[in-house]
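This report refers to the structure that appears directly beneath it.
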Amino acid sequence: MAHAYIHGTAAPEQERLARLNELTNAPFLEFLACRAGERVLEVGSGLGILAAQAAARAAPGMLVGLERAREQLAAARRLVASGRPRLYFCGGDARALPFAGGTFDLVYARYLLEHVADPAGALREMRRVLRAGGRLCVQENDNFALKFDPPCPRFARVWRRFCALQRRLGGDPAIGKKLFRLLRAAGFTRVAVSLQPETYAAGSAAFVPWVANFIALVRPVGGALAAAGLATAEEVEAGCRELERFLARPDATVIFYWNRACAQN
Ligand SMILES: C[S@@+](CC[C@H](N)C(=O)[O-])C[C@H]1O[C@@H](n2cnc3c(N)ncnc32)[C@H](O)[C@@H]1O
């Protein structure tokens, strides 16, 4: 099947991605540790929300966000229109970056490699556009790390099918755990891997938006799951309803983590 982006770029998905940025940007910006004056590239910059925050930290340096989808690029450019000096967005593909070798001090990608049909090629491109000694930072998924207590078997089944669909579309829902191997194979040195936990119990501020993120990921993909013969509309809806009931429990816990890696060129 041709490569496609599983989440799409419809308005409700853009709202979900914006909420995910609210939940996950602060620790990621700490991890990035942009230095003043750096030339920075985000590959797969989506709505540009993270890029705008990173650009503020790299000032008076500059940040370029590269993005393949027209709709995301348009949203990011609306941010720039509200006046951000030295922040630029351009169209392009992670597998063929339109920059000369050695252009950037820091290249980063978040929630991108899981969608790229050739992640090894994309990482080689990221290394090519980094100057010697420049840094790479990535944060990715291992969707199989997701756990609920009490368990949500209907949702868990649909989640596995969602992951199967992502694979059929050319992505890799478990790429996070492979980062060390992939970065080394791409020629990076000093590769260091770590985890960013996202573990929330009922009553904590992030519990509801975090669990709601998974419902918002799966429900819109119901049609595609049915078309691919992976789950019926009823199964998808039953899984989402189960997670909605989970959301209302006073004793529930959700456990997840992001895989991270940083490295040097
Ligand atoms: C889940 S979003 C993450 C956006 C942003 N990095 C963030 O953390 O909010 C992934 C983005 O990667 C883009 N994308 C997917 N494949 C791409 C590719 N081959 N080249 C460039 N962008 C790509 C998608 O269009 C989408 O906007």
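Every read-out reported here was derived from the displayed coordinates using simple, explicitly stated rules and does not represent laboratory data. Everything numeric in this text was worked out from a predicted model, so none of it was measured. We place every Cβ from the backbone using ideal geometry, glycine too, and count neighbours over all the protein chains shown.
Given their separation in residues at 0.36 nm each and the Cα-Cα distance between them, Ala248 and Arg219 gain 8.6 nm when the chain is fully extended.
Relative to the longest principal axis of the Cα atoms of the chain, the long axis of helix 153-168 makes an angle of roughly 40 degrees. Angle check, please: helix 11-32 long axis (alpha carbons) against the longest principal axis of the chain (alpha carbons), in degrees 0 to 90, nearest 10. The helix 11-32 is inclined about 60 degrees to the chain. The angle between the Cα long axis of helix 207-218 and the main principal axis of the chain comes to about 90°, on a 0 to 90 degree scale. Here, region 95-141 is characterised by an Rg to Rh ratio of 0.95, where Rg is the alpha-carbon radius of gyration and Rh the Kirkwood radius.
Output the direction-averaged projected area (hull surface divided by four) of the convex hull of the alpha-carbon atoms of region 1-156, in nm². Mind dumping the intermediate values first?
Details: hull surface 42.0 nm².
Dividing the Cα hull surface by four gives the mean projection, 10.5 nm².
So what is the orientation-averaged projected area of the chain, using the convex hull of its C-alpha atoms, in nm²? Intermediate values should be presented prior to the final figure.
Numbers: hull surface 53.1 nm².
Result: a mean projected hull area of 13.3 nm².
Per-residue ellipticity at 222 nm computed for the chain from its helices equals -13000 deg cm²/dmol, with DSSP H segments shorter than 4 residues left out and the rest contributing -39,500 (n - 2.57). Spin-label model, Arg190/Ala164: points 7 Å from Cα along the beta carbon direction are separated by 4.4 nm.
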